[in-house]
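Note sheet for the following structure.
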Amino acid sequence: MRSQNHYPLLLAPLAHDATQTLQQQLYQRIRQAILSGQLAAGTPLPSTRQLAVELGVSRNTVTAVWSRLQAEGFLLSDRQGSRVSALAQLPAPAHTDAPDETWPVAARVVPLHSRHRQFDHALALRPGIPALSHFPLVQWRRALNQASQQPQLLGYGDPLGEADLREALAQHLTLARGVRCTPAQIVITEGAQQALTLCVSLLTNRGDTGWVEEPGYRGAKAAMHLGDMHVEPIAVDAQGLAPTAQDWQQRPPRLIYTTPTHQYPTGAIMSAPRRLALLAAAQQHQSWIIEDDYDSDFRYSGEPIAAMQGMTQPTPVIYIGSFSKTLFPALRIGYMVLPPQLLPVLRPALHELLRGGHRPAQQALALFLRRGDFNRHVSKMRRLYRQRQTVLRSALQHTLGAQVPLLGGECGMHLVLQLDQEIDDRALADRLFKSGYAPGALSGFYLGAQKQQGLVLGYGNTSTSQIAAGIAHIARLLNL
């Protein structure tokens, strides 16, 4: 057929007995072809019906892949069909086994600090708290008991974390998040905040510039401020972090903190063109990107969007995450995936700073991952959170009107309710707190003078009855 001559890459047979599903194979094939330039910008693609017939798969399989690639910004579709998006071109990697020293590494190490805040996790509508009453305690206790039987775990371990956990985590991140890494690149930390602090301590000097999202995660700003960095807010739009050419010229960063898969708190998804442009500019300006992938396992439409870290190698990305959202906050296990070129430079400092963490808990988590308990729990929570988000949306629309302005919802455990600018969202949040509700004030996530008013409404640890009562109470305070 003519299409077979024109699309030989697309029409290569899929393996029906492979470890990946047909959908995953087709997605990876097309994504990699776009990233490598084999499918150039503007290349028209066959229809989902035609490709399904010629590959011998169901049309639903192809449609799901097309939807995911469109959501990530790799494909554009209109009445004329689907075609490849215009993407930034990344510089070709240098073929060398020597450590890459093109990105700067700080010569000094800033002492670590910590901030302690008291939270009542039981308060309804608090963002960032998972459904703790649904955690599989029996399975976790079994794994923890098995790990606790090993007396050697009572001593100090590898400063970078338990080898079993790093191996299990590398496998999980590769399959679930599209991260390219080996166990040697993973450093286990006491939560994502320690990973942030380490990045600042090890990669910056006093007075260096750090970019944060505007609005964005307060913990990233705190880590940079504690490292005596000059913190610059960079605006976020519907495609995520949106630095301008002027930003790069006038205030080039040493560190860039971003949440590309689910921007916190707006919920924006950084498109593929925007991601590649950010990667290319970071390489040009010798900047490091911190990719915080804090709750991307909870995506409610299609497959989870792959991490930015896996789009190119070598990469200027330090990928960080934790199990606070997927399991429970008190576990205090986070991680960072270092680029290979940083390993020989940072390993000595990490061995001085870290002591290996809570070894029995790390071994238990490795068992939890290997036995499939983690994936089963995440699947269960994804269904629960989707249901709770539906209830929250319904309550908001019923109480505040069908056109209620909301941000987010494709992923995660919160929605943002935008409010009129004349409403003081901090005062409203304080009044709600006194009544047993703890949504976040959207203006509190801004550094600059221009602040959007709103409420960040968490539904992870909030029952459907609490959601209804909380939204009704908000409506009363707004005199609606």
Among the listed pairs 325/380; 221/325; 221/451, those beyond 22 Å (Cα-Cα)
none
Over the alpha carbons of segment 337-480, what is the largest minus smallest coordinate on each principal axis, giving the biggest first in Å?
58, 40, 28
Most to least packed among 72-78, 214-220, 420-426 [average Cβ atoms within 10 Å]
214-220, 72-78, 420-426
Explain nothing, just compute: Karplus ³J(HN,Hα) = 6.51 cos²θ - 1.76 cosθ + 1.60, θ = phi - 60°, for every residue of segment 24-31 in order, whole Hz, x for Gly and Pro.
5, 4, 5, 4, 4, 4, 6, 4
Convert each backbone phi in segment 71-85 into a coupling constant with the Karplus relation 6.51 cos²θ - 1.76 cosθ + 1.60 (shift: θ = phi - 60°), then list the ³J(HN,Hα) values in order as whole Hz, x for Gly and Pro.
4, 7, x, 7, 10, 10, 10, 8, 5, 7, x, 10, 8, 6, 6
Sequence-distant residues sharing a close amide H with residue 334 (under 5 Å, placed H)
189, 190, 191
Fewest first, what order do 293, 208 take by the number of other Cβ atoms within 10 Å?
208, 293
Environment charge at residue 297 (Cβ cut-off 12 Å; Lys +1, Arg +1, Asp -1, Glu -1):
+2
In whole Hz, the Karplus estimates of ³J(HN,Hα) for segment 312-327 (6.51, -1.76, 1.60; θ = phi - 60°; x where Gly or Pro) are 8, 9, x, 10, x, 10, 9, 8, 10, x, 7, 9, 5, 8, 7, 10
With the 8 Å Cα cutoff and a minimum separation of six or more residues, the chain has a relative contact order in percent of 20
Enumerate the amide H contacts of residue 231 below 5 Å, restricted to partners 5 or more residues apart or on another chain; note that Pro and chain-start residues carry no placed amide H.
210
Looks like the chain, by Cα gyration tensor root eigenvalues a ≥ b ≥ c and the a/c under 1.5 rounded cutoff (else prolate when a/b is bigger than b/c, oblate otherwise), is rounded
Once a ≥ b ≥ c are taken as the square roots of the eigenvalues of the Cα gyration tensor of segment 184-233, is the result rounded (a/c under 1.5), prolate (a/b larger than b/c) or oblate (a/b not larger than b/c)?
oblate
Based on the mean of other Cβ atoms within 10 Å per residue, sort peptides 273-280, 397-404, 27-34 so the most packed one is first.
273-280, 27-34, 397-404
Can you show me the helix-derived [θ] at 222 nm for the chain, built from DSSP H runs with n ≥ 4 at -39,500 (n - 2.57) apiece and divided by the number of residues, rounded to the nearest 500.
-12000 deg cm²/dmol
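Throughout, read-outs are computed from the coordinates displayed, never taken from laboratory work. Just so we're clear, the structure is a prediction, and the values are computed from it rather than from any experiment. A quick note on method: Cβ atoms are made from the backbone with ideal geometry, for glycine too, and the neighbour counts reach across all protein chains shown.
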